[in-house]
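Just so you know, all these numbers are worked out from the coordinates, no wet-lab data involved. Keep in mind it's a predicted model, so treat the numbers as computed, not measured. Here the Cβ positions follow ideal geometry from the backbone for every residue, glycine too, while neighbour counts run over all protein chains shown.
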Amino acid sequence: MIQRVLALVKMELLKLIREPANLFLNLLFPAILTLVFGLAFGGLGGGDSSLFNTMAPGLFAYACIFLIMTVSMSFTDDRENGLLKRINVTPTTSTQFIGSHIITNLFIAVLQLAIVFLLSLLMGFRPSVDVFGVIMAFIFMLFLSLCSVGLGLITATIAKSAGAATGISFIFILPQMFFGTFVPLTEATRVIAAFLPSYYVTEAITTIFNGVSPFAVEILMQLGIIALMSIGIVILGIFLFKKYGKV
Amino acid sequence: MKNKIINKIGVNYKMAMKDMNDKEKMQKLIDKLTQDLSSKDKEIVGYLNKIDALEEDILRLQKLIPGEASKIKSKREKPEDIFDPDSTSAIIIKDLVKQFDDVTAVNGINLEIKKGELFGLLGPNGAGKTTTINMLVGLLNPTEGTAIVGGYDVKRDLSKIKEMIGVCPQKASVYKFLKGRENVELFGNLFEMDKKVLKERADRFFEASGLKEASNRKAKGYSGGMIRQLNLIIALINDPEIVFLDEPTVGMDPRARRKTWTFIGDLKQQDKTVILTTHYIEEAEALCDRVGIIDYGELIALGSPKELMKKHDAKNLEEVFMKITGRRILEGV
């Protein structure tokens, strides 16, 4: 079983490196975004560094949200090229196949967070956080990436081609970008945000980076909510993709 | 009807036993009984003819009513009566039906393929060849009927089947961003092959197919023929007992096709069971022990190429194919 999962993870990581679209969306885009926001709002660009401090946790989530697009593109692309069928006639189970995607994307999420975190520090981001806080922030991001894998599977179920997946993925990306990251919320948008995974992650990371203990009750409650959300979304994604994904 | 006759025979037999000593009476009884049986026999034959005619009517109607084709089948011919499954059978297909909404892609196919046999599945476009193979390898669930592949039922033991088969899909499916060798290694690992064995087999296949040089290049740069060869290598890397080759030589130049024929011939030498679908009839004629011709989802001819040519008084298999499938087109079946 491990041999199969490792082989698939290796293949997905090679795809990340060798496919320019994947490389850009997963690693270069978050880096460029952080640099642009850092220059516009950070102390290094002559702006108000306190504003960038407020925005940085949202940037972490931003990178992770785009996994929805890459995951859905990857699944639809493989389906279009007959590769899902080909894997389906080997002894590989769907759990092993989707499990390998989850592992790969968790790894990518860790990379994204490391890149965004380091570049943010470079651009003047100064969080008041200890090592436990950083670890907790990583855990939140991992759950958010799990949500993105699930939403990517749902997108791949609906989309007929990789091109369509790109467009459809914005149904899940845009609300999270505007109501679940650093854009200030109104009474109305806060109601929408309550259904968005990125909202809980950004809220929790912002609180942690403001010096609140990562083991505070409110943080643990948000961790519980995002954990339940991610598990629910992934299960729903797997169910829908297996049933209607035309593998 | 049958019980009535048996009862009558019983009554007459008892009467005969009483009159055993009266030879004349006995002879009369025998004559009467023979007459009775003869008339009943004619009656039964009459009924059977009527049933046959009705069945033919039903079959004709089935073609006209979408979605109904698979629902009515002959009650007199059960698969158990046809097959004698033993250890020499690699694949047994029993009353296999696949329905897509109102289209019957496969309509009650019964077939047995022996171990070590190279079997060709022929038919025009959309005849049901790929759908049949997809059901045998677990990509589609049969609507009705089932199939036994390598001793395992496709409806129950798919995981066991997947461990012993190799599938070369019609659409060449390889990861373009991976090198040729990486593609082969990926699929070898999905079969949990030993690393050393995997490398040895990959080397042998790349050498034999002439892809040795290209094996360390990304598949993105391969020609169509090279991709198809890589497609075939991936299907064979796990040393499968049963190999499904769905149009393996489409898009290959004549030289690459001949090379692939040698590949397929070698599989026969290794006692592998091969199921080959192809549009190149001469390919089937040159390679296959037996061929089955499918049309409109039904198996309409089965036998060795020589048998079929003799039966249909044809010079080659292509002529047989045209005679059978062409006639069905003209008859509007």
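Counting other beta carbons within 10 Å of each residue's own, what order do B:ILE91, A:ILE103, A:ILE226 fall into, fewest first?
Values: B:ILE91 22, A:ILE103 17, A:ILE226 25.
By the 10 Å Cβ count, ascending, the order reads A:ILE103, B:ILE91, A:ILE226.
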Point-to-point label distance, B:ASP41-A:LEU240, nm (Cα→Cβ direction, 7 Å offset): 7.0
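Which of B:LYS42/B:LYS311; B:LYS199/B:LYS220; B:LYS115/B:LYS155; A:LYS15/B:LYS155; B:LYS129/B:LYS171 have a Cα-Cα distance over 25 Å?
In this structure, B:LYS42/B:LYS311; A:LYS15/B:LYS155 exceed 25 Å between Cα atoms.
Contact order normalised by length for chain A, with contacts defined as Cα pairs under 8 Å and 6 or more residues apart; what percent is it? If you can, show how the numbers build up before the last one.
Working: 340 pairs, mean separation 66.2, N = 247.
Worked out over chain A, it gives 27 percent.
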Options B:PHE187, B:THR249, A:ALA193, ranked by Cα towards positive dipole end of the protein assembly as shown, top entry (Cβ charges): B:THR249
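Share of antiparallel DSSP beta bridges in the protein assembly as shown, in percent to the nearest 5?
Values: 22 of 39 bridges.
Of all bridge pairs located within the protein assembly as shown, approximately 55 percent are antiparallel.
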Within 10 Å of each Cβ in A:84-96, the average number of Cβ atoms from other chains: 6
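Dividing the convex hull volume of the alpha carbon atoms of the protein assembly as shown by its residue count, what do you get in Å³ per residue?
Working: hull volume 134.4 nm³, N = 580.
Dividing the Cα hull volume of the protein assembly as shown by its residues yields 232 Å³.
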Cβ-derived FRET efficiency at R0 45 Å, B:ASP289 paired with A:ILE135, nearest 0.05: 0.10
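To make sure I understand, if each residue's beta carbon is the centre and we count other beta carbons within 10 Å, what order do A:LYS85, B:LYS162 fall in, fewest to most? Present the calculation step by step, with values, prior to reporting the outcome.
Details: A:LYS85 19, B:LYS162 23.
By the 10 Å Cβ count, ascending, the order reads A:LYS85, B:LYS162.
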Dipole axis of the protein assembly as shown (+1 Lys, Arg; -1 Asp, Glu on Cβ), positive-most option in B:ASN141, B:GLY116, A:SER128: B:GLY116
Between region A:1-35 and region B:236-257, the Cα center-to-center distance that results, in Å: 32
Spin-label pair B:LYS171/B:VAL250, simplified geometry with 7 Å Cα→Cβ offset, distance in nm: 1.0
Mean Cα-pair separation over length for region A:13-125, i.e. relative contact order, pairs under 8 Å, 6 or more apart, %: 42
Region B:272-296 and region B:188-214: distance between their alpha carbon centers, rounded to Å: 27
Between region B:312-326 and region A:112-141, the alpha-carbon center distance in angstrom: 74
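What is the extension gain from B:GLU319 to B:ASN49, computed as 0.36 nm multiplied by their sequence separation minus the C-alpha to C-alpha distance, in nm to one decimal?
Details: separation 270, 0.36 × 270 = 97.20 nm, distance 3.36 nm.
Difference between extended and current length: 93.8 nm.
If you add up the charges near B:ILE233, with Lys and Arg at +1 and Asp and Glu at -1, over every other residue whose beta carbon is less than 14 angstrom from its beta carbon, what do you get? Please report the intermediate quantities before stating the final value.
Values: positive: A:ARG86, B:LYS179, B:ARG181, B:LYS199, B:ARG201, B:ARG204, B:LYS212, B:ARG228, B:LYS259; negative: B:GLU182, B:GLU185, B:GLU200, B:ASP203, B:GLU207, B:ASP239, B:ASP266.
Once all neighbours under 14 Å are counted, the net charge is +2.
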Neighbourhood net charge (15 Å Cβ-Cβ; Lys/Arg +1, Asp/Glu -1) for A:ALA7: +2
Region A:73-113: C-alpha gyration tensor shape, a/c 1.5 cut-off, then a/b vs b/c: oblate
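Just rank B:LYS98, A:LYS243, B:LYS220, fewest to most, by other beta-carbon atoms within 10 angstrom. Could you put the intermediate results ahead of the total?
On the way: B:LYS98 23, A:LYS243 10, B:LYS220 13.
Ranked by crowding around the Cβ, least crowded first: A:LYS243, B:LYS220, B:LYS98.
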Degrees, to the nearest 10: A:2-18 long Cα axis against longest axis of chain A: 60
Dipole in debye (nearest 20) - the protein assembly as shown, about Cα centre, beta carbon charges: Lys, Arg +1; Asp, Glu -1: 740
Shape category assigned to region A:122-163 from the gyration tensor of Cα positions, a/c cut at 1.5: oblate
